[in-house]
There are 2 protein chains.
Amino acid sequence: MKHIPTNAKKVFEGIFFSVWQWEQELYDGTTKTFEKASRPDVSTIIPITKDNKIVFIEEEQPTEPKCFSFPSGVVDEGETPDDCAKRELQEETGYISENIIPWFSEIAGGRVASEYHVYIAKDCELNGGQSLDPGERITVHLFTFEELLEQIEKVPFKNFSLTPKLIKAKYNAEYRQELQELLFAQK
Amino acid sequence: MKHIPTNAKKVFEGIFFSVWQWEQELYDGTTKTFEKASRPDVSTIIPITKDNKIVFIEEEQPTEPKCFSFPSGVVDEGETPDDCAKRELQEETGYISENIIPWFSEIAGGRVASEYHVYIAKDCELNGGQSLDPGERITVHLFTFEELLEQIEKVPFKNFSLTPKLIKAKYNAEYRQELQELLFAQK
């Protein structure tokens, strides 16, 4: 398992989480039982339509407070992060794209081992509607880049990796320009 | 358990993580087994010395990449988040404070139930050294507010709640002023 020491033993396997333990040597030579959880990786995709709108979604799930995000989901077993991003784009928004580029990947960190992959989908076009599962309610919003930056601190949007980047783009003109080129420049 | 539905059953209890499952009714009336993990709450404390330096720590732990952070740790069983913040301050830095104020608390979110509490410790004074456990190596740095904002994007500092605030302070003069007053103003 990625990001889990090779000598760790799986002490629990659930539907979503696994828990791992191992004996860790400390800096003074003593050992202690360490524990980490693992969970499936997540792909997120930032969809840009042909007329340069950003697709931002408003999401309700049972037991969770309403939140705003980009299309996102868990990488299924046997699926690549790229395929997951593509699938979530269509399922959650009804848009498709032939021009998907990886932006960055990072380790989710802390004591939960998981990777987080972010993609940009350019030239998105509607292709039928959403195919939501019965545990999702999603409203699609189309924002200009300026509207997105305006909304980002007003709506419940919390993303470990993307929030700092969008806040920086909102308040730093140089980075805003850089991000705008990344999102909207044509090949 | 906070942030876990009351009908959930604990299906695993480890050293650190517990895992919970329950039958969740979905929007179409069908049900599905849902799963969440829980972990202990965390307190973080931003220490300000009597001469207005911010105490920032550089931390090594076995199996983790080196990172920068504020003194921080897991709230022990029977301990309050306030007491945890005070304890971590002394253990990780050797500083104490008689003037600790709560800044904000939030739910860590995602599928891991946990609360995150942030404090500001004003008028900190050295009182003996650190008392690190054998699984920690911590170097203490003293930064001015400007130096902290300068460093924040250069060092490996990742904090779900604090990174966006510090990035905003770096690039937005109005918020920088507000945060500076919060951190340095006397009662």
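The values are calculated or read from the model by the stated rules, or taken from the named source; none is laboratory data. Here the structure is a predicted model, which means the values were calculated and not measured. No Cβ is skipped: glycine too gets one built from the backbone with ideal geometry, and neighbour counts run over all protein chains shown. Heads up: the accessible areas ignore ligands, DNA and RNA and are worked out on the full protein's heavy atoms, side chains in. Shrake-Rupley method; radii C 1.70, N 1.55, O 1.52, S 1.80 Å.
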Out of the strands (runs of 3 or more DSSP E) lying entirely within the stretch B:69-187, which hold 1 or more residues that are more than 14 Å from the chain's Cα centre (by Cα)? B:99-107, B:115-126, B:137-143
Verdict on B:Glu91 being open to solvent by 20 Å² or more (accessible area, probe 1.4 Å), at negative phi and either at the interface with another protein chain (Cβ under 9 Å from one of its Cβ atoms) or touching a Cys at 6+ places or on another chain (Cβ under 6 Å) (or both): no
Give the residues of the stretch B:74-85 that are surrounded by 20 or more Cβ atoms within 10 Å (Cβ to Cβ) and either of a type outside the set (Gly, Ala, Ser) or modelled with pLDDT under 95 (or both), sorted by residue number. B:Val75, B:Cys84
Condition broken by A:Asp76, with the remaining ones in (1) of a type outside the set (Gly, Ala, Ser); (2) farther than 14 Å from B:Gly110 by Cβ; (3) in contact with a strand residue (DSSP E or B) (Cβ under 6 Å, 6 or more places away or on another chain); (4) away from chain B (no Cβ under 11 Å) satisfied: (3)
Name the residues in the stretch B:121-159 that are open to solvent by 80 Å² or more (accessible area, probe 1.4 Å) and of a type in the set (D, E, K, R), would you? B:Glu125, B:Arg137, B:Glu146, B:Glu147, B:Glu150, B:Lys154, B:Lys158
Quick one: count up the residues across the stretch B:117-137 that are in contact with a strand residue (DSSP E or B) (Cβ under 7 Å, 6 or more places away or on another chain) and within 11 Å of chain A (Cβ to nearest Cβ). 4
Report whether or not A:Lys32 is farther than 21 Å from A:Thr163 by Cα, assigned to a strand (DSSP E or B) and either without any contact (Cβ under 8 Å) to a residue 60 or more places away in the chain or more than 14 Å from every other protein chain (Cβ to nearest Cβ) (or both). yes
Counted residues in the stretch B:35-55 being within 13 Å of chain A (Cβ to nearest Cβ) and either over 30 Å from B:Arg87 (Cβ atoms) or in a loop (DSSP other than H, G, I, E, B) (or both) come to 3
What's the number of the condition A:Tyr27 fails, among (1) open to solvent by 70 Å² or more (accessible area, probe 1.4 Å); (2) more than 10 Å from chain B (Cβ to nearest Cβ); (3) not basic (Lys, Arg)? (2)
Those residues that are crowded, with 18+ Cβ neighbours inside 10 Å and more than 7 Å from every other protein chain (Cβ to nearest Cβ), I need them from the stretch A:10-20; list them, please. A:Ser18, A:Trp20
Against the condition surrounded by 15 or more Cβ atoms within 10 Å (Cβ to Cβ), in contact with a strand residue (DSSP E or B) (Cβ under 6 Å, 6 or more places away or on another chain) and either under 30 Å from A:Thr139 (Cβ atoms) or at the interface with chain B (Cβ under 9 Å from one of its Cβ atoms) (or both), how does A:Ile101 come out, does it pass? no
Does A:Ala173 satisfy the criteria of being free of Cβ contacts under 8 Å to residues at least 24 places away in the same chain, of a type in the set (A, V, I, L, M) and within 30 Å of B:Phe68 (Cβ to Cβ)? yes
Qualifying residue in the stretch B:49-65 (condition: open to solvent by 30 Å² or more (accessible area, probe 1.4 Å) and under 10 Å from the mean Cα position of the chain (by Cα)): no
Going through A:Thr49, A:Thr44 one at a time, which residue ends up being under 30 Å from A:Leu166 (Cα atoms) and in contact with a helix residue (DSSP H, G or I) (Cβ under 9 Å, 6 or more places away or on another chain)? A:Thr44
